[in-house]
Amino acid sequence: MLTITRLDQQDARRLIEGAEAHSRQIGVPMCIAVTDESGHLLAFSRMDGGKITSATIAIDKAFTAAAARKPTHEYGTASQPGAPAWGISSALGGRLMVVAGGLPVEHDGQVIGGIGVSSGSPSQDQSVAQAGIDHWRSTQG
């Protein structure tokens with residue numbers, strides 16, 4: 001049984017590889033970031049044509065997903081005016097992302113990293129992030 005307790009560079013490259021493949025398939029060049037379990041950047045790719053402003057957003061989505069241990073889109077509803085987490089997007093110097101496209105990377109029920117994607121619509125960003133995770137999982141022994 002393969003036991004993974006943290007992401008390494010090979011894992012990060014596989015996550016990005018899967019995300020880039022889906023990005024090409026949908027025709028939207030993306031910025032893709034992978035972090036370790038504490039939200040520190042492991043790898044980043046700005047595909048040709050990926051929006052310059054999306055680089056920081058992708059990194060912050062990966063940070064949020066890993067450090068908060070939840071998908072960024074879950075903060076979207078909770079952070080609307082009058083909701084329990086209203087204003088949370090200004091936390092941590094504005095790094096906390098509340099838009100879809102950041103997903104925790106999990107193994108055996110433990111968050112071991114995060115992937116963040118930006119440059120498309122929120123649903124495109126999320127589907128590309130999920131494709132990265134799906135590809136990574138398919139390469140695990």
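The values are calculated or read from the model by the stated rules, or taken from the named source; none is laboratory data. Everything numeric here is computed off the predicted structure, so don't read it as measured data. Heads up, the Cβs are rebuilt from the backbone with ideal geometry, glycines too, and the neighbour counts pull from every protein chain shown. Keep in mind that these areas ignore ligands, DNA and RNA; they rest on the heavy atoms of the full protein, side chains included. Shrake-Rupley method; radii C 1.70, N 1.55, O 1.52, S 1.80 Å.
Summing +1 for each Lys or Arg and -1 for each Asp or Glu, what net charge is found among the other residues whose Cβ lies under 11 Å from the Cβ of S54?
Taking every Cβ under 11 Å from that of S54, the sum is +1.
Measure out, as a whole number of angstrom, how far apart the alpha-carbon centroids of segment 120-141 and segment 48-89 sit.
16
Ignoring any ligand, DNA or RNA, what whole percent of the accessible area of segment 12-141 comes from carbon and sulfur when the probe is 1.4 angstrom?
Exposed carbon and sulfur together represent 53 percent of the surface.
Give, in nm to one decimal, the length gained when the segment between Q80 and D108 is fully stretched (0.36 nm per residue of separation minus the Cα-Cα distance).
Numbers: separation 28, 0.36 × 28 = 10.08 nm, distance 3.22 nm.
Separation in residues times 0.36 nm, less the Cα-Cα distance, equals 6.9 nm.
Taking the chain as a Gaussian network, Cα atoms linked when under 10 Å apart, which of T53, T72, T35 shows the biggest mean-square fluctuation?
Ranking T53, T72, T35 by mean-square fluctuation puts T53 first.
For segment 8-77, what is the accessible area per residue in Å², given a 1.4 Å probe and the full set of protein chains?
Per residue, segment 8-77 has 47 Å² of solvent-accessible surface.
Sum up the charges of everything whose Cβ sits under 14 Å from the Cβ of T64, counting Lys and Arg as +1 and Asp and Glu as -1, but leave T64 out. Don't jump to the answer; show the numbers that get you there.
On the way: positive: K61, R69, K70, R95; negative: D36, E37, D60, E74, D125.
Charge balance near T64 sits at -1.
What residue among G116, G39, G82 has the largest mean-square fluctuation in a Gaussian network model of the chain, using Cα springs under 10 Å?
G82
First select every other residue whose beta carbon is under 12 angstrom from the beta carbon of S138; then total the charges, Lys and Arg +1, Asp and Glu -1.
Within the 12 Å Cβ shell, the charges total 0.
Mean-square fluctuation check for the chain, GNM, Cα pairs under 10 Å: which of A78, A33, A67 is largest?
It is A78.
222 nm [θ] for the chain, helices only, -39500 (n - 2.57) per DSSP H run of 4+, per residue, to 500?
Here the helix-only value at 222 nm equals -13000 deg cm²/dmol.
Compare the peptides 7-13, 102-108, 89-95, 55-61 by average per-residue count of other Cβ atoms within 10 angstrom and give them in order, highest first.
Descending mean neighbour count gives 55-61, 102-108, 7-13, 89-95.
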